[in-house]
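Bear in mind that the values in this text are calculations on the coordinates, not laboratory data. Keep in mind that what you see is a predicted model, and the values were worked out from it rather than measured. We place every Cβ from the backbone using ideal geometry, glycine too, and count neighbours over all the protein chains shown.
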Amino acid sequence: MTRQQVREFDRRAIQEYRVPGVVLMENAGRSAADLIEQHLIRPLLPAPQRARVAVVAGVGNNGGDGFVVARHLHLRGHQVKVFVVGSPAKMTPDAKTHFTIIDKLALNIEPLSAHTLPSLSAMLAGFDLAVDALGGTGIQGPLTGEVALAVEQVNAAGIPVAAIDIPTGLDCDSGQAPGPAIRAALTVTFVAEKIGFQQPGAEAYTGQVFVADIGVPFHEEE
């Protein structure tokens with residue numbers, strides 16, 4: 001699945017199948033939570049032990065997926081904290097909907113600023129794993145600014161990372177990292193595997209790849 005196919009899939013899902021973006025986000029996040037629990041949390045901490053999970057999220061739709069993951073893991077009894085990178089004023093409408101839900105549920109949420117971001121790796125030291133929901137397939141070129149610093153801090157924390165859809169900083173089509181990129185233990189990608197994942201060297205960033213269904217069919221010609 002290429003970047004252009006991702007865009008066309010989203011367009012068809014919303015405009016032709018009439019599935020609201022906020023519903024697609026819910027389906028994606030719930031499926032990702034299932035796979036993270038099955039393939040990362042349970043091998044680390046057999047039931048009934050609960051995991052300490054840090055969700056590091058941006059303010060775009062990938063961040064919104066992360067907010068849904070956070071809610072579902074929280075409702076299953078895991079200890080979840082959400083770190084938010086980026087200005088709340090730039091949060092997409094669908095992400096804002098799911099952010100409001102976790103805020104009303106009183107999840108532990110910490111906005112990160114330029115002052116606190118350099119301490120993120122130290123903050124993550126007490127967690128069993130992190131969830132990368134900083135940025136998705138739309139990112140092209142090297143990361144800059146707060147997102148680049150957040151990626152470096154997550155990698156430096158030394159805990160397993162589950163990437164949502166794509167490791168932040170990895171190019172969807174080339175499978176290359178032109179700058180800082182998340183090095184994940186596993187990646188839960190949506191609808192179909194991204195074409196870049198098949199390129200040499202991409203596995204160092206994706207780890208194991210699992211494909212999650214979000215309730216809308218994908219056609220290869222998209």
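Whole angstrom only: what separates the Cα centroid of the stretch 61-112 from the Cα centroid of the stretch 167-213?
23 Å
List the lysines whose Cα sits under 24 Å from the Cα of K104, skipping any in the same chain fewer than 8 residues away.
K81, K90, K96
Do the sum for the chain: with -39,500 (n - 2.57) for every DSSP H run of n ≥ 4, divided by all residues, what is the mean residue ellipticity at 222 nm, to the nearest 500 deg cm²/dmol? Spell out each step's value before the answer.
Values: 7 runs with 73 residues, N = 222.
Per the formula, -10000 deg cm²/dmol.
May I ask you to derive the relative contact order of the stretch 86-222, considering only C-alpha pairs under 8 Å and at least 6 residues apart, and to give it as an integer percent? Before the final figure, lay out the partial values.
Details: 228 pairs, mean separation 25.8, N = 137.
Reported relative contact order: 19 percent.
Which FRET efficiency, nearest 0.05, do L45 and I195 yield, Cβ-Cβ r, R0 25 Å?
Working: r = 34 Å, r/R0 = 1.35.
That pair, L45 with I195, gives E of 0.15.
Put +1 on the Cβ of each Lys and Arg and -1 on the Cβ of each Asp and Glu in the chain; which of V131, A148, I102 then has its Cα farthest toward the positive end of the dipole?
The listed residue farthest towards the positive side: I102.
After finding the eigenvalues of the alpha carbon gyration tensor for the stretch 5-82, what semi-axes result from the square roots of 5 times each, listed largest first in whole Å? Write down the numbers at each step before the final one.
On the way: eigenvalues 153, 31, 20 Å².
Ellipsoid half-lengths, sorted descending, are 28, 12, 10 Å.
Please pull out the direction-averaged projected area of the chain, using the convex hull of its alpha-carbon atoms, in nm² to one decimal place.
Details: hull surface 44.6 nm².
Orientation-averaged projected area of the Cα hull: 11.1 nm².
Rank V53, A13, P178 by how far each Cα sits towards the positive end of the charge dipole of the chain (+1 on Lys, Arg Cβ; -1 on Asp, Glu Cβ) and give me just the farthest.
Of the listed residues, the answer is V53.
So how strong a dipole does the chain carry about its Cα centre when Lys and Arg Cβ are +1 and Asp and Glu Cβ are -1, to the nearest 20 debye? Before the final figure, lay out each step's value.
Details: 17 positive and 23 negative charges, 140 e Å.
So the magnitude is around 680 debye.
Would you mind classifying the stretch 20-133 by shape? Square roots of the alpha carbon gyration tensor eigenvalues, ordered a ≥ b ≥ c; an a/c under 1.5 is rounded, otherwise it is prolate if a/b is larger than b/c and oblate if not.
Note, shape of the stretch 20-133 comes out oblate.
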